[in-house]
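The values are calculated or read from the model by the stated rules, or taken from the named source; none is laboratory data. As the structure is a computational prediction, the values presented were derived from the model and not from experiment. Heads up, the Cβs are rebuilt from the backbone with ideal geometry, glycines too, and the neighbour counts pull from every protein chain shown. Only protein heavy atoms, including side chains, enter the accessible area calculation; ligands, DNA and RNA are left aside. Shrake-Rupley method; radii C 1.70, N 1.55, O 1.52, S 1.80 Å.
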Amino acid sequence: MSKVSVIGAGYVGEAAVKHLAQREVADVFVFDIVEDMPKGKALDLMESAPIVGYDRRITGVSVNKDGDGSEYAALEGSEVVIVTSGMPRKPGMSRDDLLKINAGIVGGIVENLNKYAPDAKLIVVTNPLDVMCMVAYLKLGWPRERVMGMAGVLDSARMAWFIAEELNCSVQDVRAMVLGGHGDTMVPLPRYTTVSGVPVTDLIAKDRLEAINERTAKGGGEIVNLFRNASALGSAYHAPGIASAIMAESIVRDQRRLLPTACYLEGEYGVSGMYQGVPAFLGKNGVEKIVELGLDESEKALFNRSVEHVEKAVKEMRELLGI
């Protein structure tokens, strides 16, 4: 029986759990340090199972934040672990403060993965995404194929929706591609984006495509701004949660889907020793193969700018954490 664990029962984690269960990908265990909350969310979702019609089990696990982490023993047997835990940046908090806090959270979690689920594949969702992937990779010491980040699936989905909206066409026909780090320096690639196989560059004027690229890069911020008057919501959660679940599904079911994934590069795209979003086949072993696209000069320049941005952030992380 397949098993996926989601660490973090907030909005993003809940969306991932719901999608995995409803698509009957696996039984799902969901963990959180908020006492009893993951158990309540699991029970609520299981009570919806007879209505929707799925038979996968969801189990909530409360973790004592001041304990020895023994509750993470429930990770045992997980094929995939999705980490969504982390703190959003709050007013008055510096970027370094956020980096330290989330690196501490992710670092503590992955120590338990090594203890209880040493053969799992890890999908990191916590921001800053590319840097948190590096923290997990360095702390775990696992092969790079088993430590990856969710970003490109989300960013490409946003681009695909904006294109479908622009053309007034079905989203099912749109295939978008976004590379690079997860943030304002991401690299939307219209040249590799199609609608039923037709290049989007043949369907949408250049100025409109540039506007879509810009909106894609700032997609998360757009949603944060729209949520500004809803104190309980801070950022997007449906699309990020489902995106991570789609990646987990491709691994558990060995679908070998070609998905934009934050991967540790060892020479691909001329980059070594850091995470960048690139197309990769995801299957039972995790990242089965990284695909190198032929980038033109302008695309290379944008990709290199993204690499430099992530490289700087990783350097800051290493200095702050002494690793």
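What about Met148, is it outside any helix (DSSP H, G or I) and either more than 21 Å from Ile223 (Cα to Cα) or among the acidic types (Asp, Glu) (or both)?
yes
Go over the candidates Ala262, Ala245, Ala280 one by one and state the one that is in a helix (DSSP H, G or I), modelled with pLDDT of 95 or more, hydrophobic (A, V, I, L, M, F, W, C) and on the phi < 0 side of the Ramachandran plot.
On inspection, the qualifying residue turns out to be Ala245.
For segment 242-258, indicate whether the set of residues that are in contact with a His (Cβ under 6 Å, 6 or more places away or on another chain), within 17 Å of Ala16 (Cβ to Cβ), β-branched (Val, Ile, Thr) and surrounded by 16 or more Cβ atoms within 10 Å (Cβ to Cβ) is non-empty.
So far as segment 242-258 goes, yes, one or more of its residues are in contact with a His (Cβ under 6 Å, 6 or more places away or on another chain), within 17 Å of Ala16 (Cβ to Cβ), β-branched (Val, Ile, Thr) and surrounded by 16 or more Cβ atoms within 10 Å (Cβ to Cβ).
Table: residues versus (1) aliphatic (A, V, I, L, M); (2) in a helix (DSSP H, G or I); (3) within 17 Å of the chain's Cα centre (by Cα).
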| site | (1), (2), (3) |
| --- | --- |
| Ile123 | yes, no, yes |
| Met134 | yes, yes, yes |
| Leu138 | yes, yes, no |
| Leu154 | yes, yes, yes |
| Ala157 | yes, yes, yes |
| Trp161 | no, yes, no |
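Kindly establish whether Asp36 is modelled with pLDDT of 95 or more, more than 26 Å from Gly286 (Cβ to Cβ) and surrounded by fewer than 18 Cβ atoms within 10 Å (Cβ to Cβ).
Judged against the criteria, Asp36 is a match.
If you take the residues of segment 301-323 that are surrounded by fewer than 17 Cβ atoms within 10 Å (Cβ to Cβ) and small (Gly, Ala, Ser), which of them is farthest from Gly180 (Cα to Cα)?
Gly322
Would you confirm whether or not segment 193-204 contains a residue that is touching a residue at least 60 places away in the same chain (Cβ under 8 Å), touching a Ser or Thr at 6+ places or on another chain (Cβ under 9 Å), farther than 26 Å from Gln22 by Cα and among the hydroxyl-bearing types (Ser, Thr, Tyr)?
No; the residues of segment 193-204 include none that is touching a residue at least 60 places away in the same chain (Cβ under 8 Å), touching a Ser or Thr at 6+ places or on another chain (Cβ under 9 Å), farther than 26 Å from Gln22 by Cα and among the hydroxyl-bearing types (Ser, Thr, Tyr).
Tell me which residues, restricted to segment 252-271, are hydrophobic (A, V, I, L, M, F, W, C) and either over 30 Å from Gly77 (Cα atoms) or in contact with an Asp or Glu (Cβ under 7 Å, 6 or more places away or on another chain) (or both).
Correct list: Val252, Ala262, Val271.
Consider segment 39-52. How many of its residues are more than 24 Å from the chain's Cα centre (by Cα), open to solvent by 60 Å² or more (accessible area, probe 1.4 Å) and either within 22 Å of Leu113 (Cα to Cα) or not acidic (Asp, Glu) (or both)?
Adding up the residues that qualify gives 4.
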